[in-house]
1. Just the residues that are buried (at least 18 other Cβ atoms within 10 Å of the Cβ) and more than 26 Å from Asp85 (Cα to Cα), please, taken from segment 108-134.
2. For segment 207-230, state whether one or more residues are surrounded by fewer than 20 Cβ atoms within 10 Å (Cβ to Cβ), out of contact with any strand residue (DSSP E or B) (no Cβ under 6 Å at 6 or more places or on another chain) and closer than 21 Å to Phe38 by Cα.
3. Quick check on my filter: what residues within segment 149-164 are part of a loop (DSSP other than H, G, I, E, B) and among the aliphatic types (A, V, I, L, M)?
4. Being closer than 30 Å to Phe241 by Cβ and free of Cβ contacts under 8 Å to residues at least 40 places away in the same chain is the filter here; which residues of segment 170-185 pass it?
5. Which of the following residues is crowded, with 17+ Cβ neighbours inside 10 Å and at pLDDT below 95: Phe73, Phe51, Phe55, Phe43?
6. Among (1) assigned to a helix (DSSP H, G or I); (2) more than 26 Å from Ile149 (Cβ to Cβ), which single condition is Ala174 missing?
7. Being in contact with a Pro (Cβ under 9 Å, 6 or more places away or on another chain), touching a residue at least 12 places away in the same chain (Cβ under 8 Å) and either loosely packed, with under 15 Cβ neighbours inside 10 Å or more than 23 Å from Ser121 (Cβ to Cβ) (or both) narrows it down to one of Lys10, Lys60, so name that one.
8. Could you grab the pairs with beta carbons closer than 9 Å, sequence gap of 6+ or different chains, first residue in segment 109-136 and more than 24 Å from Phe92 (Cβ to Cβ), second one assigned to a strand (DSSP E or B)?
Amino acid sequence: MKKCITVLNKKVRIRKRGKGDYPLLIVGPASIFQQPGFLPKEFDTLFKIYFVDWFIKNDKHTPDYSQLTLAHFVDVVEDIRVQLDLKKVILFSHSAMGILAIEYAKKHTENVLFNIVIATSPIWGHKKEQSSKLFFRYNATKQRQRMYINDHNALKKQLETFVKQTSLQKTFIAKYSSRRTQFFRHPERYKPERLWPNIEMDMPLIMHYFSLISAYDVQSGEFEVVPTFLALGLYDYSCPFYHWTDDNRAMLEKMHYYIFKDSGHYPMMTESGKFIEELIHCMESKGLYENISKASHYRR
């Protein structure tokens, strides 16, 4: 198998793991999910996992991303599938990258075997931000809110120490880490620096993607839902589960969704056993796990 492919005119390394029958492609910054504990250990038995991180910085190539549209990002996922020579794939996507997986499935339905969408909000931008703030204000415990204020004040002091030469990535990670109370049911158990690996990310590409989805609404336009497992956390104050309302009923009826009652933004980490159980149940219900004996020790 080839070791690298070309994505957006830069060489990107291919990393493969797992002995399962189903090819699983990580959508987005794949290096995050190579860290121990970020994916359930059973994934290595169920899937052949392809980590193709086209969000890694390449010092030899600094393109202008300003002309890229969301459709271009979808085309990149298709280009990766073609270069990997995969007929059909399972897409694994988390948070904002779930939008990319959903949009890819709309355009390339015939190439998607199954979609795993985790902690993704159907709405983004100002509408999502305001709704998330209200959810946190009226539902989070006083202790959690105090922890958030302390983390936010620590962030302010940290940003004051940053000089103009500070990398965009360092600032991004500092801001992301200060939101641990919004991401975890038990934020005190997770060190903020664990959330992002110590690698140089292509921040202009990441920030441009976020700008493209700033007004995204899953209900806009036509959609084709492939077999999908939607995993949401009861304590996810970043992408609250209730964003998936009756307005999304037509889409939800074609999905298998589950709200993890002891999780926030990362249910595949915090409730990995239950996550695998629900995932297997979903795959079976969609007729995608024919060899049941192979998965019997993961079943309910």
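1. Ala119, Thr120, Ser121, Pro122, Ile123, Trp124, Lys128, Ser132
2. Scanning segment 207-230, I find no residue that is surrounded by fewer than 20 Cβ atoms within 10 Å (Cβ to Cβ), out of contact with any strand residue (DSSP E or B) (no Cβ under 6 Å at 6 or more places or on another chain) and closer than 21 Å to Phe38 by Cα, so the answer is no.
3. Val163
4. Correct list: Thr171, Phe172, Ile173, Ala174, Lys175, Tyr176, Ser177, Ser178, Arg180.
5. Working: Phe73 fails: at pLDDT below 95; Phe51 fails: at pLDDT below 95; Phe43 fails: at pLDDT below 95.
After ruling out the rest, the residue left standing is Phe55.
6. Unmet for Ala174, out of (1) assigned to a helix (DSSP H, G or I); (2) more than 26 Å from Ile149 (Cβ to Cβ): (2).
7. Details: Lys60 fails: in contact with a Pro (Cβ under 9 Å, 6 or more places away or on another chain).
So the residue among Lys10, Lys60 that is in contact with a Pro (Cβ under 9 Å, 6 or more places away or on another chain), touching a residue at least 12 places away in the same chain (Cβ under 8 Å) and either loosely packed, with under 15 Cβ neighbours inside 10 Å or more than 23 Å from Ser121 (Cβ to Cβ) (or both) is Lys10.
8. Gly125/Asp217; Lys127/Asp217; Ser131/Ile123
The values are calculated or read from the model by the stated rules, or taken from the named source; none is laboratory data. Given the structure is predicted, the values throughout are model-derived calculations rather than measurements. Cβ: placed from backbone, ideal geometry, glycine included. Neighbour counts: every protein chain shown.
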